[in-house]
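Every read-out reported here was derived from the displayed coordinates using simple, explicitly stated rules and does not represent laboratory data. If you're wondering where the values come from, they're calculated on a predicted model, not measured in any experiment. Glycine also receives a Cβ, built like all others from the backbone with ideal geometry; neighbour counts cover every protein chain displayed.
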Amino acid sequence: MAKKLTIALAGNPNVGKSTLFNALTGSRQHVGNWPGKTVEKKEGTLKYNDYELNVVDLPGTYSLTAYSIEELVARDFVVDECPDVVVHIVDATNLERNLYLAVQLIEMGANVIIALNMIDLAKKAHITIDEKKIARFLGVPVVKIEANKKTGTDKLLDTAISLAGKKRKKSLITYGVELEEHISKIEELIKKTIKLPEKYDPKWIALKLLEKDNEIINKIKTIKNSEIIIEEAAKNRKHLQEVFGEDVDTSVADARYGFIGGLMREAVVKKEVNRLSASENLDRVVMHRALGIPIFFALMWVMFQVTFALGAPFADIIDIGFGLLAESTGAFIGSVDLLPAWVNSLVVDGILSGIGSVLVFVPNIFLLFMMIAIMEASGYMARAAFIMDKVMHKVGLHGKSFIPMIIGFGCNVPAIMATRNLESEKDRILTMLINPFMSCAARLPVYVLFVGAFFSAHQGTIIFLIYLFGIFVALLSGMLFKKTMFRGLSSPLVMELPPYRKPALKGILIHTCERSWLFVKKAGTIIFAIVIVIWMLASMPWGVEYASEESVIGQMGGFIAPVFGPCGFGEWQPAVALMFGFAAKEVVVGTFGTLYDVGDEGLGAVIHSHFTPLSAASFIVMVLLYVPCMAVVATIRRETNSWKWPLFVVVYTSGVAWVCAVVVYQGGLLLGFI
Amino acid sequence: MFLAMAECGKKVLIKEITGGVELKKRLSALRIYEGVEIEVVRNDFSGPMIVGVLNSKVVLGRGEAYKIRVE
């Protein structure tokens, strides 16, 4: 039987960690969440020689001080789960900063291997690295790799396997006489007074206590007699502060960087070269003071054009395929005498037309997710955050908040989860509240349907304008909230500007497929269930014409429809579609498909007889702005840990959407549109 | 003087970082701490600024740039 080993991948953001993860595990990946956390957890397996390796991709972090949820997750995994080996991926072009994390990992007593990535880039930058010397300095193996070309990965795995199970020699950094003295004093005290679980290194715990690491203090607190140690550590910390005239944290950072600096002098030869490179020139343009924002919006416009132009032929193929499937299935069921007519109706009208009308949009959604992934991987996303910072400041947020908003174009659920990257609670909640106005991919089918039916001449441009309008309402709402509920300063903006990189096609595809698959899965489960519910409601009470006004659903729609009268779509069908849209926005189009009992002429043609161009525009605005889907509301509930904010979002977005739709419709009428 | 007032292209030495422990730790993870030399890559004197630290570039908000004393 194959022996099992767990390998954790650690590293700074933007060092090629995902590239290595993809190179190792390929498609054998599983994406989930860290238990109880909203941070994404990626795992994958591979067979190598006689071993079955379980690779865990830790969140990218610069440090392990547990100040952000990502750092905490990464650290807890290394400390508590004791992976057999921790592979730390290091950017060879930025060794000095990267090794800060390496030092912390080694301090923790983890079984570390350094994987020196981007060796090719380092060579180009005239950086010569002696990996043997680094290995000697750090006391851990160092392997040169090129994750994007998959070179060196076999050697990395061989090293990992040979290292697993071995106990590493402890501690290499000295923090200076004074600090060391206090560390060993507390270390001794720990060994004497408490029974520390074996997975914790006493010296590391001593250091963390001196650094006043609250997470560690809380962990230690549960152990008997620990209060003596915590108290002693606090006393020592105070003493050290007086001696050095600076925080212990600064002294520790100083010592770590001092150690790394020594290593760099020994092991790395760097020719002084002009840093002004192509990347710098590109920055001059895309981050230009005046041109930056127009360029950003131009890129977004291109993104949407590509999404639709490239997606259309594939969408047609799926559409035709489902049409044929429905036809032949209908004919087959009709030919079986035993099956009653309602089965035919359920399968063809309900299931196939419902699912089909959702799956048609998979090509568009796939492309949109791919564009967002490319923006992220190329390094442009961080630039966009920089460019938008000034604008976002007017809303009382900083540019970093714009990243969740862009992710919101894909899906609001991960977007709201991405607000975790923001440090302050206030920023997080404010970003969550305005994020639903960022039009997610699930709303896209509605635009495609309506814009295609009424304004097909400028499809890409109009859909782009719809998205812009969403951003506009989001920013306006942000400003309003900031003036009323969220007064006060914004949290600090500290963000690395990653170098531009050519996105790795494989990584982009894996990422995009994952996201799209989630969408398809949703289409296959939630949407499937809802479509059946709709079909049932549309077929009852027994004997009514399918999806007619007399059916249960027709009566429900008819009851709330008058509310939408001033918006220009006071019929019962749009009311029903909007109602179900709260369950999942993907369903809106499917509901129309079912309710209008679409035949061969296609939904686009049927829509024409129920909407005018003006009421279509008003309906688009409604769908853009009204309540986010249940999943988003539930995510906001989970992230804020209260019902107050999700309820607020539901009420506020409904109000805003209704007012805007009425303004569009009534204003349009006044201006003479129909 | 504050980092926020340093001109573009200048290399400055960090004297002091005021503000909470949290900001300090975040900065030190990016190798920005007292005694380190950084380069001002971009400063528009409004909005965020960019500093060069070794081989990497870091965006700092205006508020943060006023919490870093340099010379």
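Picking from A:TYR48, A:ALA253, A:ASN281, whose Cα lies most toward the positive end of the charge dipole for chain A (charges on Cβ: Lys, Arg +1; Asp, Glu -1)?
Positive-end residue among those listed: A:ALA253.
Only Lys, Arg, Asp and Glu count, each charged at its Cβ (+1, +1, -1, -1), so figure out the dipole size of region A:484-596 about its Cα centre, rounded to 20 debye.
Rounded to the nearest 20 debye, it is 860 debye.
Can you tell me the alpha carbon radius of gyration of chain A divided by the globular rule-of-thumb value 2.2 N^0.38 Å?
Against the compact-globule rule of thumb, the ratio is 1.11.
If you wrap a convex hull around the Cα atoms of region B:3-70, how much volume per residue is inside, in Å³?
Once divided by residue count, the hull of region B:3-70 is 68 Å³.
Dipole magnitude of the protein assembly as shown about its Cα centre, charges +1 at Lys/Arg Cβ and -1 at Asp/Glu Cβ only, in debye to the nearest 20?
Here the protein assembly as shown has a charge dipole of around 2320 debye.
How large are Rg and Dmax for region A:177-264 when only the alpha carbon atoms are used, in Å?
My reading of the Cα-based Rg and Dmax gives 13.3, 43 Å.
Between region A:160-224 and region A:121-158, what's the alpha-carbon centroid distance in Å?
Each part reduced to its Cα centre gives a spacing of 29 Å.
Along the three principal axes, how long is region A:527-639 when you take its alpha carbons, biggest first, rounded to the nearest angstrom?
45, 34, 28
Of the beta bridges DSSP finds with both residues in the protein assembly as shown, what % are antiparallel, to the nearest 5?
Given both bridge residues lie in the protein assembly as shown, the antiparallel proportion sits at roughly 60 percent.
Loop only per DSSP, at most 12 neighbouring Cβ atoms within 10 Å: give me the GluC sites (Glu not before Pro) in region B:1-70, ordered by residue number.
B:GLU7
To check my understanding: the extent here is largest minus smallest coordinate of the Cα atoms along each principal axis. What are those three numbers for region A:457-613, in Å, largest first?
In descending order, the Cα extents are 65, 46, 34 Å.
Any idea what Rg and Dmax come out to for region A:511-587 if you just take the C-alpha atoms, in Å?
Rg then Dmax for region A:511-587, in Å: 14.9, 48.
Using Cα-Cα distances under 8 Å and only pairs 6 or more residues apart, what relative contact order does region A:185-344 have, in percent? Before the final figure, lay out each step's value.
Working: 61 pairs, mean separation 19.4, N = 160.
Once divided by the residue count of region A:185-344, the mean separation gives 12 percent.
Could you tell me what fraction of 2.2 N^0.38 Å the Cα radius of gyration of region A:3-163 comes to, as a two-decimal ratio? Could the numbers behind the result be given before it?
Details: Rg = 14.6 Å, N = 161, 2.2 N^0.38 = 15.2 Å.
In units of the globular-protein estimate, region A:3-163 measures up at 0.96.
Could you work out, residue by residue across A:498-504, how many beta carbons of other chains sit within 10 Å of that residue's beta carbon, and then give the average as an integer?
Across the residues of A:498-504, the mean count of other-chain Cβ atoms within 10 Å is 1.
If each residue's Cβ is checked for other Cβ atoms within 10 Å, how do A:TRP342, A:TRP542, A:TRP204 rank with the fewest at the top? Provide the component values of the computation, followed by the final result.
Details: A:TRP342 14, A:TRP542 6, A:TRP204 21.
Placing the least packed residue first, the sequence is A:TRP542, A:TRP342, A:TRP204.
Among A:ASN225, A:PHE611, A:THR431, whose Cα projects farthest towards the positive end of the dipole of chain A, with charges put on the beta-carbon of Lys, Arg (+1) and Asp, Glu (-1)?
It is A:ASN225.
Positive end of the dipole of region A:518-672, charges at C-beta (+1 Lys, Arg; -1 Asp, Glu), about the Cα centre: which of A:THR594, A:TRP645, A:PHE559 has its Cα farthest in that direction?
Comparing the listed Cα positions along the dipole, A:TRP645 ranks first.
Nearest 10 degrees, 0 to 90: what angle lies between the long axis of helix A:69-80 and the longest principal axis of chain A (Cα atoms)?
Rounded to the nearest ten degrees, it is 50.
Please report the relative contact order for chain A, taking Cα pairs under 8 Å with a sequence separation of at least 6, and give it as a percent rounded to a whole number. Kindly include the intermediate steps, with their values, before the conclusion.
Details: 987 pairs, mean separation 65.7, N = 674.
Reported as a whole number, the value is 10 percent.
How large is Rg/Rh for region A:392-475, to two decimals, with Cα atoms and a Kirkwood Rh? Don't skip to the end; give the middle numbers.
Numbers: Rg = 14.1 Å, Rh = 13.3 Å.
Radius of gyration over Kirkwood radius for region A:392-475 works out to 1.05.
Relative to the longest principal axis of the C-alpha atoms of chain A, give the angle of the C-alpha long axis of helix A:526-539, reported between 0 and 90° and rounded to the nearest 10°.
Here the helix axis deviates by roughly 20 degrees.
Rg/Rh for region A:73-138 to two decimals, with Rh computed the Kirkwood way over all alpha-carbon pairs.
Radius of gyration relative to Kirkwood radius: 1.02.
Given the rule -39500 (n - 2.57) for each run of at least 4 DSSP H residues, summed and divided by the residues of the protein assembly as shown, what is its mean residue ellipticity at 222 nm, to the nearest 500 deg cm²/dmol? Working shown, then result.
Numbers: 33 runs with 420 residues, N = 745.
One gets -18000 deg cm²/dmol as the mean residue ellipticity at 222 nm.
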